[in-house]
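Have a look at the structure below, then the notes.
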Amino acid sequence: MAAAILHGVGATTPLSSVKYNNSRRSLPGSGITERKRASFVIQCYGSLSSGLNIGINRAVKLSTNAVATKQDSVTASTPSKPGHELLLFEALREGLEEEMERDPWVCVMGEDVGHYGGSYKVTKGLADKYGDLRVLDTPIAENSFTGMGIGAAMTGLRPIVEGMNMGFLLLAFNQISNNCGMLHYTSGGQFKIPIVIRGPGGVGRQLGAEHSQRLESYFQSIPGIQMVACSTPYNAKGLMKAAIRSDNPVILFEHVLLYNLKERIPDEEYVLSLEESEMVRTGDHVTILTYSRMRYHVMQAAKTLVNKGYDPEVIDIRSLKPFDLHTIGNSVKKTHRVVIVEECMRTGGIGASLTASINEHFHDYLDAPIVCLSSQDVPTPYAGTLEDWTVVQPAQIVAAVEQLCR
Amino acid sequence: MACSATAKIIHNPLVFSSSRSAEKYESCCKISGRSSLGSKFLGKKLLSAKSAISPASRRSGAVVAVSSDIVKEKKVKSGSSAASNLLITKEEGLVLYEDMYLGRAFEDMCAQMYYRGKMFGFVHLYNGQEAVSTGFIKLLKQEDCVVSTYRDHVHSLSKGVPARQVMSELFGKTTGCCRGQGGSMHMFSKEHNVLGGFAFIGEGIPVATGAAFTSKYKREVLKEDCDEVTLAFFGDGTCNNGQFFECLNMAALWKLPIVFVVENNLWAIGMSHLRSTSDPQIWKKGPAFGMPGVHVDGMDVLKVREVAQEAIGRARRGEGPTLVECETYRFRGHSLADPDELRDPAEKARYATRDPITALKKYLFENNLANEAELKAVDKKIDEIIEDSVEFADASPVPARNQLLENVFADPRGFGIGPDGKYRCEDPKFTEGTAQV
């Protein structure tokens with residue numbers, strides 16, 4: 001899978017370009033990592049192909065596969081790097097722009113998305129290119145403009161609604177729950193709502209409690225919606241495109257701290273699957289499930305663990321609703337131990353649901369209870385030290401794995 | 001912005017200023033029963049001495065047609081020559097009558113069916129408010145959209161949804177317009193562009209704004225020849241809700257082709273409009289956002305139709321939204337579960353004499369547009385349609401188990417991938433409704 005290869009290559013760069021105040025970060029590994037990279041390409045491709053025998057139109061899958069085929073031959077030597085390098089927010093913009101170019105019914109609405117270019121620059125330049133109506137600057141009325149997006153989606157448009165911060169979408173909860181999720185069903189299937197609701201969330205750099213919320217835990221019960229979280233430029237673009245093309249309402253969770261991640265992504269067009277998770281690193285000892293920013297804390301911990309002789313398998317679940325139980329299940333069947341690392345609060349988060357789901361489906365394969373590392377059940381404090389203690393840090397992940405694998 | 005905020009109020013200002021006491025407001029209502037907007041056009045015929053106007057109110061002076069300049073200008077232009085004094089032709093009159101009678105008969109049948117245990121839950125009937133639905137919706141094309149709240153049966157019928165489908169939906173049968181999945185408060189029809197049907201008040205207004213946005217988008221971005229209009233119907237209680245104000249702002253800002261129709265029936269379940277609203281004159285809130293605000297007698301279908309024509313025309317021409325406040329009344333309780341003990345029987349009696357169907361009938365007779373026999377024929381036809389709809393609904397099947405999961409997602413891959421690697425929706429048990437999701 002091209003994603004794997006490029007990710008292998010690019011894995012070094014994100015960690016170095018993210019400005020963490022975290023002195024515990026260790027430099028990327030060398031020899032072991034290289035070998036592992038080569039091996040996991042093949043394995044990932046293998047796991048991908050097992051999912052290919054499905055009757056449903058898998059055009060989405062095919063394009064990913066096509067890229068993989070091409071890249072596969074280049075595994076051994078990667079001197080000429082194909083593709084282009086960009087930052088995560090640029091990848092989102094690229095995906096968005098490609099879709100707007102492809103389909104004139106795709107439009108954007110949100111606060112400061114037009115003239116300002118988006119508070120995280122995801123829509124920069126789009127208003128100049130497509131006009132003020134296609135990239136609509138809305139007044140500060142989340143509930144109403146989200147509802148407006150829903151009404152527009154019902155009547156043929158394919159809007160992308162941006163919440164300047166995910167937390168603001170709490171004001172739109174009424175529309176997201178009652179209308180976005182439910183109207184397709186309540187209308188007996190007459191109206192589809194191909195809306196994408198996206199925005200940055202998560203704990204940032206001392207942004208305070210209200211700007212540091214993880215809405216995925218609040219939205220997960222809403223029937224009729226899908227939720228995905230991007231974590232790399234590659235999957236950000238792929239998921240953005242997939243979300244726009246999907247006829248279902250999709251909530252795309254971005255993270256405030258990941259917008260400046262740099263990676264090389266393919267020049268060719270690709271669309272990822274909304275329902276699949278991403279194998280980041282294969283291993284045998286323990287399955288670590290994570291998503292969004294915590295993926296980087298996990299990878300950091302993974303380096304330490306590898307040096308200590310462990311072999312963790314890391315999966316970025318990407319699809320927060322529904323869970324990709326196939327990839328997750330295969331991993332559990334192999335390693336028999338699960339650690340979930342998430343940024344949601346302990347209570348009622350994605351980790352809680354995932355724990356329940358794995359217990360339900362794969363109980364027999366577990367050698368130990370599932371360990372779920374989540375953020376503390378506190379409003380995120382402003383002070384930097386306190387903030388660091390609310391979220392899961394790599395040291396905790398290492399400790400948890402060591403404990404689990406004893 | 002073209003519309004000015006200077007509305008011409010042609011009534012005794014003293015009466016309106018003290019809006020606190022219900023008693024005073026009642027006298028206001030009496031006054032508002034007579035509209036000078038109507039008197040010039042319809043002659044004095046529609047509002048004859050039969051309307052219960054007490055001597056007291058007659059003394060206080062007529063009217064209450066408050067409207068902003070735009071409608072006022074039109075009024076002046078049309079003049080009132082005797083020859084074209086009539087607002088409608090015979091055909092139009094019969095269409096209006098038929099539609100209002102359909103609404104009334106349907107709602108009455110709903111009440112019967114509810115008490116016989118054929119439908120359940122919250123059912124909100126529209127009796128008394130037919131003039132608003134008919135007055136507005138009969139001017140629309142099929143492509144135009146209608147968005148309502150939970151008192152939506154009659155809006156759907158006026159828009160063209162067959163009575164059979166609405167009745168079936170109420171009975172929860174699979175032949176209902178929403179396959180039985182929506183119920184009384186969620187009437188949707190893609191074919192007739194009825195976008196709901198919402199249980200929470202105010203929720204539909206942004207959706208209507210979105211539909212209007214699509215219309216503008218089609219015209220300006222996709223360069224299509226699109227002049228589709230959206231009507232949003234909601235009540236007086238909704239006008240204190242944030243979504244109302246937020247959407248007035250956005251609609252006026254972008255000049256969306258939408259008409260906001262307030263069906264002010266003075267009561268939000270048991271909460272009187274006066275007790276919950278600092279300034280009960282809702283039409284005034286339009287100019288505050290830069291759109292015309294019009295108040296019209298919602299018990300008079302011809303007046304409503306006239307105002308509607310202007311408002312819809314504005315929207316079609318791209319001049320932007322209008323806020324129309326229709327003063328109306330519901331003859332029944334808020335819902336079939338509401339004992340309706342709070343409202344003053346005298347108030348109910350007063351409005352009963354302004355029954356829109358009776359009023360139109362009178363107008364048709366007095367202007368020789370129709371006779372007794374013709375209207376009776378219409379009544380009979382409608383009664384048969386209603387009977388047929390009940391029979392159809394009764395005979396229709398209830399939804400089968402396999403319908404349970406079918407419409408959750410437009411793309412059922414949204415249910416995800418199961419442990420076996422296949423999409424959940426490919427599981428044969430999925431259609432049986434027994435699949436694990």
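The values are calculated or read from the model by the stated rules, or taken from the named source; none is laboratory data. Keep in mind it's a predicted model, so treat the numbers as computed, not measured. Cβ coordinates were reconstructed from backbone atoms using ideal geometry, including for glycine residues, and neighbour counts include every protein chain displayed.
The table for this structure:
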{"item": "Residue list for the range B:162-192, restricted to those being more than 12 Å from every other protein chain (Cβ to nearest Cβ) and in contact with a Lys or Arg (Cβ under 6 Å, 6 or more places away or on another chain)", "result": "B:Phe171"}
{"item": "B:Glu432 surrounded by 17 or more Cβ atoms within 10 Å (Cβ to Cβ) and either away from chain A (no Cβ under 14 Å) or at pLDDT below 95 (or both)", "result": "no"}
{"item": "In the range B:95-131, the residues that are hydrophobic (A, V, I, L, M, F, W, C) and touching an Asp or Glu at 6+ places or on another chain (Cβ under 7 Å)", "result": "B:Met100, B:Ala105, B:Leu125, B:Ala131"}
{"item": "Selected residue (only one of A:His297, A:His326, A:His285 is touching a Phe, Trp or Tyr at 6+ places or on another chain (Cβ under 6 Å) and either farther than 17 Å from A:His363 by Cα or not basic (Lys, Arg) (or both))", "result": "A:His285"}
{"item": "Filter result for A:Ser221 (more than 22 Å from A:Gly110 (Cα to Cα) and out of contact with any strand residue (DSSP E or B) (no Cβ under 6 Å at 6 or more places or on another chain))", "result": "yes"}
{"item": "Residues of the range B:85-100 satisfying the condition of being more than 16 Å from B:Ser133 (Cβ to Cβ), of a type in the set (A, V, I, L, M) and in a helix (DSSP H, G or I)", "result": "B:Leu94"}
{"item": "Selection status of B:Phe415, surrounded by 17 or more Cβ atoms within 10 Å (Cβ to Cβ) and facing another protein chain (nearest Cβ under 9 Å)", "result": "yes"}
{"item": "Among the residues listed as B:Ala370, B:Ala308, the single one being in contact with a Lys or Arg (Cβ under 9 Å, 6 or more places away or on another chain) and within 23 Å of B:Tyr150 (Cβ to Cβ)", "result": "B:Ala308"}
{"item": "Matching residues, the range A:111-145, being closer than 23 Å to A:Asp247 by Cα, within 13 Å of chain B (Cβ to nearest Cβ) and either surrounded by 22 or more Cβ atoms within 10 Å (Cβ to Cβ) or among the basic types (Lys, Arg) (or both)", "result": "A:Arg134, A:Val135, A:Leu136, A:Glu142, A:Asn143, A:Ser144, A:Phe145"}
{"item": "Number of the exception - B:Leu87 against (1) closer than 21 Å to B:Ala370 by Cα; (2) at pLDDT 95 or above; (3) surrounded by 20 or more Cβ atoms within 10 Å (Cβ to Cβ)", "result": "(2)"}
{"item": "Criterion violated by B:Ala337 - all others in (1) buried (at least 18 other Cβ atoms within 10 Å of the Cβ); (2) assigned to a loop (DSSP other than H, G, I, E, B); (3) of a type outside the set (D, E, K, R) satisfied", "result": "(1)"}
{"item": "Residue in the range B:130-161 that is farthest from the other protein chains (Cβ to nearest Cβ), counting only those that are β-branched (Val, Ile, Thr) and in a helix (DSSP H, G or I)", "result": "B:Thr134"}
{"item": "Hey, A:Lys321 more than 14 Å from chain B (Cβ to nearest Cβ), out of contact with any Lys or Arg (no Cβ under 8 Å at 6 or more places or on another chain), touching a residue at least 60 places away in the same chain (Cβ under 8 Å) and not small (Gly, Ala, Ser) or not", "result": "no"}
{"item": "Pairs with Cβ under 7 Å, 6+ apart, first in the range B:376-391 and closer than 13 Å to B:Asp108 by Cβ, second not in a helix (DSSP H, G or I) and not hydroxyl-bearing (Ser, Thr, Tyr)", "result": "none"}
{"item": "The range A:88-110, residues that are surrounded by fewer than 18 Cβ atoms within 10 Å (Cβ to Cβ) and either at pLDDT below 95 or within 14 Å of chain B (Cβ to nearest Cβ) (or both)", "result": "A:Glu101, A:Asp103, A:Pro104"}
{"item": "Output for the range B:230-266, where each listed residue is more than 9 Å from every other protein chain (Cβ to nearest Cβ) and of a type in the set (D, E, K, R)", "result": "B:Asp236, B:Lys255, B:Glu263"}
